[in-house]
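What follows draws every value from the coordinates through simple rules; no lab data is involved. Bear in mind the structure is a predicted one, so any value in this text is a computation, not a measurement. Methodologically, a virtual Cβ is constructed for each residue, glycine included, from the backbone with ideal geometry; neighbour enumeration extends over all protein chains shown.
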Amino acid sequence: MERREFLKTVTTAAVSATAASALAAPAVLAGEKTYRWKMVTTWPPNLPVLQDGAKLFARRVEELSGGRLRIKVFAAGELVPALGVFDAVSAGTVQCGSGAAYYWAGKVPAAQWFATVPFGLNAQGLNAWFYGGDGLKLWEEVYAPFNVVPRPQGNTGVQMGGWFRKEINSLADFKGLKMRIPGLGGKVIAKAGGTVVLLPGGEIFTSLERGVLDATEWVGPMHDLRMGFYKAAPYYYYPGWHEPGTCLEVIFNRKDYEGLPRELQQIIDLVAMEINLWSLCQFEAGNGAALQELITRHHVKLRRFPDKVLADLHKLAREVVEEEAAKDPMSTKVNEAYKKFKAQVGIWGSVSEKAYYDLIADTYALNQ
Ligand code: CA
């Protein structure tokens, strides 16, 4: 075929394709099955990154599927309460949900390892476990009896250690300290003699301001700044040993997930990976500027937990994790796999990421 002839044929074909898709409005081709799903989340309606990530997930799935799979997102309390997300997905009341695995610890104790473990894997380590090790396979196994299919959908990165009204100089300073800190980290603080107070997000600031709380953790600088904790507690501690990289999840009802054609399953899997990366990048990109603002504009007193305090907390955390792991066979299995993988990436991380960060991190400026 002559070049000119070829071009003409291609152009005609392209025009016909455009005309065909314009006729088949909306973008879905006639005869193709469409799906209308609901997603419930554990997040407040306007929570940056977390609820945003859930909404972005829905938007991207709709775009990539050409409208064949549309997901309507409901924030916490709009359809089911925040902590009712797992049950709603498990029962098939809704097709999918967004949250974090440690919220279901009461029902699925082994789930905690897939969200975060005190002194455990960071975001890079968790992602390596999920995509480069046996982490995701194990997670699927843990949720299978509940007819739920999990996918990582974001990571906060290392969180901050929290806001304190008084300085922490030794482990004894945690004795009688009233702190809002959930999950396994809370169990560690309780073991150190602290009183763990669990409060909904909206009540934390007032409680801290009135002295009902002596301390609270939340997320990282970007989210903490928004909560205004700097007005109620002057000391901002790092690192967030209790949440070294909390993984967020998107979960699917197994029947609904398996009922999708293979290409739509692949789209939701790929978009979950996309949002997993997107969320971590939002935190990584936003936290530095927020920290700078807290220090320079709000004169927050940034403090690193003393080494001895971290070593003591680490010892208590090991005990807490082993106690939790011993409670049921699945937790034991997941904990063993987790520890094995952590040791494997740890030896590499200490000569790669850690060595390099030590070299470039601007800790001098922070400690002034
Ligand atoms: Ca937190």
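Using a Förster distance of 25 angstrom, determine the FRET efficiency expected from the C-beta separation of Leu83 and Ala190, and round it to 0.05. Before the final figure, lay out each step's value.
Working: r = 20 Å, r/R0 = 0.82.
Computed FRET efficiency for Leu83 and Ala190 comes out at 0.75.
Considering every pair of different Cα atoms, what Kirkwood radius, in Å, is found for the chain?
After inverting the mean inverse Cα-Cα distance, the result is 22.3 Å.
Can you tell me the length gained on complete extension of the stretch Asp358 to Ala311, counting 0.36 nm per residue apart and subtracting the Cα distance?
Extra length from Asp358 to Ala311 when fully extended: 15.0 nm.
Take Gln344 and Gln292, extend 7 Å from each Cα along the Cα→Cβ direction, and tell me the distance between the two endpoints in nm.
So the label points at Gln344 and Gln292 sit 3.9 nm apart.
Sorting check: for 343-350, 100-107, which peptide has the highest mean count of neighbouring beta carbons within 10 Å, and how do the rest follow? Intermediate values should be presented prior to the final figure.
Working: 343-350: 13.4, 100-107: 19.6.
Per-residue Cβ counts within 10 Å, averaged per peptide and sorted highest first, yield 100-107, 343-350.
What do you get for the angle between helix 262-296 and the principal long axis of the chain? Use alpha-carbon atoms, 0 to 90 degrees, nearest ten.
Long axis of 262-296 versus the principal axis of the chain: about 40 degrees.
Roughly how big is the chain's charge dipole about its Cα centre, with Cβ charges of +1 (Lys, Arg) and -1 (Asp, Glu), in debye to the nearest 20?
That gives a dipole near 360 debye.
Where does helix 50-64 land angle-wise versus the long Cα axis of the chain, in degrees 0 to 90, nearest 10?
10 degrees
If I stretch the segment between Lys301 and Leu199 completely, what's the gain in nm (0.36 nm per residue apart, minus their alpha carbon distance), one decimal?
Length gained, Lys301 through Leu199: 34.3 nm.
Run the numbers for Lys33 and Gln266: contour at 0.36 nm per residue of separation, minus the present Cα-Cα distance, in nm.
On the way: separation 233, 0.36 × 233 = 83.88 nm, distance 1.61 nm.
Separation in residues times 0.36 nm, less the Cα-Cα distance, equals 82.3 nm.
Work from the charge dipole of region 55-101 (Cβ charges, +1 for Lys and Arg, -1 for Asp and Glu, about the Cα centre) and give the residue of Thr93, Leu56, Leu83 farthest towards its positive end.
Result: Leu56, furthest along the dipole toward the positive end.
For the pair Met273/Ala91, report the inter-label distance in nm, with labels modelled 7 Å from Cα in the Cβ direction.
It is 3.4 nm.
Summing Lys, Arg as +1 and Asp, Glu as -1, what charge do residues with Cβ under 15 Å from the Cβ of Ile251 carry, Ile251 excluded?
Cβ neighbours under 15 Å give a net charge of -2.
Relative to the longest principal axis of the C-alpha atoms of the chain, give the angle of the C-alpha long axis of helix 3-23, reported between 0 and 90° and rounded to the nearest 10°.
Helix 3-23 sits roughly 70 degrees off the main axis of the chain.
What per residue convex hull volume, in Å³, comes out for region 152-195 when only alpha-carbon positions are used?
89 Å³
For the pairs Lys137/Lys255; Lys255/Lys340; Lys166/Lys191; Lys315/Lys342; Lys55/Lys178; Lys107/Lys333, flag any whose C-alpha to C-alpha distance is greater than 24 Å. Mind showing how you got there, number by number?
Numbers: Lys137/Lys255 18 Å; Lys255/Lys340 33 Å; Lys166/Lys191 20 Å; Lys315/Lys342 17 Å; Lys55/Lys178 35 Å; Lys107/Lys333 17 Å.
Those over the limit are Lys255/Lys340; Lys55/Lys178.
Roughly what would the spin-label model give for Lys137 and Lys231, points 7 Å off Cα along C-beta, in nm?
5.2 nm
Which of the trypsin sites (Lys or Arg not before Pro) found in region 119-203 are loop residues per DSSP with 14 or fewer other Cβ atoms within 10 Å of their Cβ?
Answer by residue number: Lys166, Lys175.
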